[in-house]
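> Let me begin by handing over the structure; questions about it come next.
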Amino acid sequence: MSAALITEFADLESLSAAAAEAIAETASRAAAERGRFSLALSGGGTPRRTYERLAALRMPWESTHIFWGDERCVPRENPASNYRMARETLLSRAAIPAANIHPMPCDPASAEAGARSYEAELRSFFGAEPAFDLILLGLGPDGHTASLFPGEPTLHESKRWVLSTPGRAANPPVPRLTLTYPAISASRGVLLLAAGAGKKALVESAARGDAAFPAALARAAGETRWFWSARD
Ligand code: 6PG
């Protein structure tokens, strides 16, 4: 499992510009080598500007497939929806074929059914191993990433690629779906975006290599990169 390579930026705008370029470079290489680019989006607020900048870059959109690393089980029009955020900042601005957009289906009354349905979709797309070309992740103030929260059983999953979680410790505290470590660790690359002085201690702990919070353990089979700025 690769160690995380951490790059610090002066501010969120320069972090977002670099992240968008990194995604575009990975996409071009994947499309050239394998004929498609599979990208799992992160939710939260940090990646918004990255998605807006990515929408304006030269990308192999026709062979790009968009997935999610996690989703809050709320209606897609709800401001808390990660799908809604991606639609506003990226999907409505880029010529991605509708069939290439793979939202997480999550009815709060049956989140587990949504997890199993999404896992089936991933298995149909990837086959035996969920080798995402790139998974974007964020860093929560408690060290969570995607919807893998400290102390939860989801951290110990060794087989399933997608799980549901009650999200009681989350903000907002709603049921969620999340990729698991088996899915993340099969990926060709992870790019974690973190901004804000409140996350400095977590980033420094991860840089030391001794961290055990969920985000620090989210490593790709390929390259794991963190883009960090103390200014959000
Ligand atoms: C979610 C995200 C979550 C997020 C972190 C950081 O659905 O909540 O996937 O893991 O990345 O909470 O969020 P900010 O970028 O808003 O700080």
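Every read-out reported here was derived from the displayed coordinates using simple, explicitly stated rules and does not represent laboratory data. As the structure is a computational prediction, the values presented were derived from the model and not from experiment. As a convention, Cβ positions derive from the backbone with ideal geometry for all residues, glycine included, and neighbour counts pool all protein chains shown.
> Picking from 136, 122, which residue would you name as being within 26 Å of residue 169 (Cβ to Cβ), touching a residue at least 60 places away in the same chain (Cβ under 8 Å), away from the ligand (no atom under 16 Å from the Cβ) and in contact with a strand residue (DSSP E or B) (Cβ under 8 Å, 6 or more places away or on another chain)?
None of the other options fit; the residue is 122.
> Report every pair of residues separated by at least 6 positions or lying on different chains whose Cβ atoms are under 9 Å apart, first residue within region 66-89 and closer than 18 Å to residue 108 by Cβ and in contact (Cβ under 8 Å) with a residue 60 or more places away in the chain, second of a type in the set (D, E, K, R) and assigned to a loop (DSSP other than H, G, I, E, B).
Listed by first residue and then by second, the contacts come to 73/107.
> Residues that are closer than 22 Å to residue 19 by Cβ, touching a Ser or Thr at 6+ places or on another chain (Cβ under 8 Å) and within 14 Å of the ligand (Cβ to nearest atom): does region 159-172 have at least one?
Looking through region 159-172, none of the residues is closer than 22 Å to residue 19 by Cβ, touching a Ser or Thr at 6+ places or on another chain (Cβ under 8 Å) and within 14 Å of the ligand (Cβ to nearest atom).
> With (1) of a type in the set (A, V, I, L, M, F, W, C); (2) in contact with a strand residue (DSSP E or B) (Cβ under 8 Å, 6 or more places away or on another chain); (3) within 11 Å of the ligand (Cβ to nearest atom) as the list, and residue 85 as the residue in question, which single condition is left unmet?
Evaluating residue 85 over (1) of a type in the set (A, V, I, L, M, F, W, C); (2) in contact with a strand residue (DSSP E or B) (Cβ under 8 Å, 6 or more places away or on another chain); (3) within 11 Å of the ligand (Cβ to nearest atom) leaves (2) as the failure.
> What are the pairs, 6+ residues apart or on separate chains, where a residue within region 43-54 that is under 18 Å from residue 144 (Cα atoms) has its Cβ under 7 Å from a residue that is more than 8 Å from the ligand (Cβ to nearest atom) and assigned to a helix (DSSP H, G or I)?
Qualifying pairs under 7 Å: 43/85.
> Count, please, the residues in region 176-216 that happen to be within 13 Å of the ligand (Cβ to nearest atom), of a type outside the set (A, V, I, L, M, F, W, C) and under 17 Å from the mean Cα position of the chain (by Cα).
3
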